[in-house]
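The values are calculated or read from the model by the stated rules, or taken from the named source; none is laboratory data. Bear in mind that the values here come from a model prediction, so they are computed numbers and not experimental data. Positions of Cβ are backbone-derived with ideal geometry, glycine not excepted, and every protein chain shown enters the neighbour counts.
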Amino acid sequence: MILQNWWFTTLLGTDDPIQPPLRKDIRADVLIIGAGAAGISAALHFVGKGLKVVVLERNILGGSTSGKSAGFLTPDSELELSQLIRRFGVDGARDLWSVPTKGIDRMRSTITGHGIDCDLQRQDSLFLGIGKSGWADIQDEMRARTALGFDQTLYDANALTKIIGSNGYSGAVRYAETYGVNALRYCQGAKKILVGNGIEVHEASEVLSIEDHCARTHLGSVTADQIIVCADKLDRSLTRFADNVYHAQTFLSISEPLNDRMVASIFPSDRFQCWDSTLVYSYFRLTGDNRILLGGGDMLSTFAKNDLDSPRIINRVIAGFKEKFPQLRDLEFIQYWPGRIDSTRDLLPTVLKDERAPWLHFVLGCVGLPWATFCGDFAARHAMNGGNEPDKHYYDYFRPDRGFFVPLWLERVLGKQIVFSLNNGWAKYYQKDVQNNARTRAIVSGRHAGMT
Ligand SMILES: Cc1cc2nc3c(=O)[nH]c(=O)nc-3n(C[C@H](O)[C@H](O)[C@H](O)COP(=O)(O)OP(=O)(O)OC[C@H]3O[C@@H](n4cnc5c(N)ncnc54)[C@H](O)[C@@H]3O)c2cc1C
């Protein structure tokens, strides 16, 4: 098994030329810095609007987190629906769940509308319980989905064995309207749409400083009326908002292709995208050419500062998968790669317009392609419309100065890693914003009143 991102392998031989780095000083109406799912979505907003728009990306489009991801397009991210209900109540959870749902719609319509070749597949989601506590989690999720009036199916351990070839799970909840995608090919396909529509895209163009309206790279600069920053792993020298974000590490691997008999032995009826109920969960799905894409991590490495490149952790994930599916014990996994997902302290994104410099917009810490896709478009719409779009209340959920369980000054004493992991754990398992935070109560009740 070699250390190499499979999605990069799938780009070899395709016709996706790198866009040249920025080598001059230019003016633009809008500059977008960073082009993963969020920056691309922001840039797509400007197609056909007749504005001069420039995209600066330090890697290739999708070359960081988006292009390392497993490409599950589901509204579930680090925050499950039951956890959103605990935090925000039923109305708030519905309001927030529509963020990734709209993100999925947007990605899917871009892919199908422009015929992007990125292995888009309809794959129902299967959230799998492990052990007694996992079965309780599945039932919680079932109750949460029922409370919001969604469609889903509950499977106990026995019923589950009819749709998945394993005895290792205690139950599952299944739901539709979810997809699998090669996200790097999606980003590179989107690049063609942008370039084809006159948007100026520069890859290998890292922004080194932002001063006033001007962003500088090694060889050039862009001075723009509006600047939308959708960059990851931000350095504090670029913006003070870098402090809002840390990251969580996960690992992915890809197998050699399965034959039809092996596929039927794990998915006898439909192909699902699956993840389990453990704290550092494992996740898997089939690619269009029948390879198993399998991911996971472990407690110790999740909040590590830098990428860990050893195969030790993913080898344990693979061993655990093969225990659940002994029929695949001889299957080889051929490539693996690590990735750090930017996130905020409470796992919701931070999206803002800088009060000190209102032409500067930030989309930070989006956990999940659908969240990033919605938030990039949201920031672009509000940048051009003076913040007056009907969904402007999302700024309140995503503001940078929202309260966190462990106060930020403790980060100076205990370190960002420890305090972030405590805040993330609290947000996932205990936080109740709507009870404990007057501002959240006001957003949710105002929103609810507005909707009825
Ligand atoms: C292994 C792994 C598996 C995952 N699986 C899934 C999954 O199955 N489903 C899902 O929804 N999500 C998944 N995620 C999470 C998902 O990938 C991210 O949440 C999402 O891609 C974030 O998108 P983004 O646009 O906000 O960030 P990014 O994709 O990180 O984009 C930010 C961009 O900014 C660029 N940049 C940074 N600094 C600068 C600078 N100074 N100048 C110019 N450009 C800059 C970067 O190069 C990068 O391209 C996974 C992540 C990983 C690592």
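Considering only the stretch 68-85, I want to know if a residue exists there that is modelled with pLDDT under 95, more than 18 Å from the chain's Cα centre (by Cα) and of a type in the set (Asp, Glu). Within the stretch 68-85, none of the residues are modelled with pLDDT under 95, more than 18 Å from the chain's Cα centre (by Cα) and of a type in the set (Asp, Glu). Residues that are farther than 17 Å from residue 28 by Cβ and more than 10 Å from the ligand (Cβ to nearest atom) within the stretch 185-223 comprise 185, 186, 188, 189, 190, 191, 192, 193, 196, 218, listed in sequence order.
Look at (1) within 14 Å of the ligand (Cβ to nearest atom); (2) free of Cβ contacts under 8 Å to residues at least 40 places away in the same chain and you find that residue 260 fails only one, number (1).
The set of residues in the stretch 6-38 being at pLDDT 95 or above and either in a loop (DSSP other than H, G, I, E, B) or outside the structural domain of residue 224 (by TED's automatic domain parsing) (or both) consists of 19, 20, 21, 22, 23, 24, 34, 35, 36.
For the stretch 396-415, the tally of residues that are more than 12 Å from residue 440 (Cβ to Cβ) and either at pLDDT below 80 or assigned to a loop (DSSP other than H, G, I, E, B) (or both) stands at 8.
Restricting the stretch 316-345 to residues that are in a helix (DSSP H, G or I) and in contact (Cβ under 8 Å) with a residue 40 or more places away in the chain leaves a set whose member that is nearest to residue 407 (Cα to Cα) is 317. Looking across the stretch 29-66 at every residue that is polar (S, T, N, Q) and touching a helix residue (DSSP H, G or I) at 6+ places or on another chain (Cβ under 9 Å), the one that is farthest from residue 200 (Cα to Cα) is identified as 65.
Counting only strands (runs of 3 or more DSSP E) that sit completely within the stretch 150-265, those holding 3 or more residues that are surrounded by 16 or more Cβ atoms within 10 Å (Cβ to Cβ) and within 26 Å of the chain's Cα centre (by Cα) correspond to 171-175, 200-202, 221-229, 246-257.
Assess whether residue 47 counts as being assigned by TED's automatic domain parsing to the domain that holds residue 205, more than 15 Å from the ligand (Cβ to nearest atom), in contact (Cβ under 8 Å) with a residue 24 or more places away in the chain and surrounded by fewer than 22 Cβ atoms within 10 Å (Cβ to Cβ). Judged against the criteria, residue 47 is a match. Of the residues that make up the stretch 417-438, is at least one over 18 Å from residue 350 (Cα atoms), without any contact (Cβ under 8 Å) to a residue 40 or more places away in the chain and among the charged types (D, E, K, R)? Scanning the stretch 417-438 turns up no residue that is over 18 Å from residue 350 (Cα atoms), without any contact (Cβ under 8 Å) to a residue 40 or more places away in the chain and among the charged types (D, E, K, R). Residues in the stretch 351-361 that are more than 11 Å from the ligand (Cβ to nearest atom) and touching a Phe, Trp or Tyr at 6+ places or on another chain (Cβ under 8 Å): 352, 353, 354.
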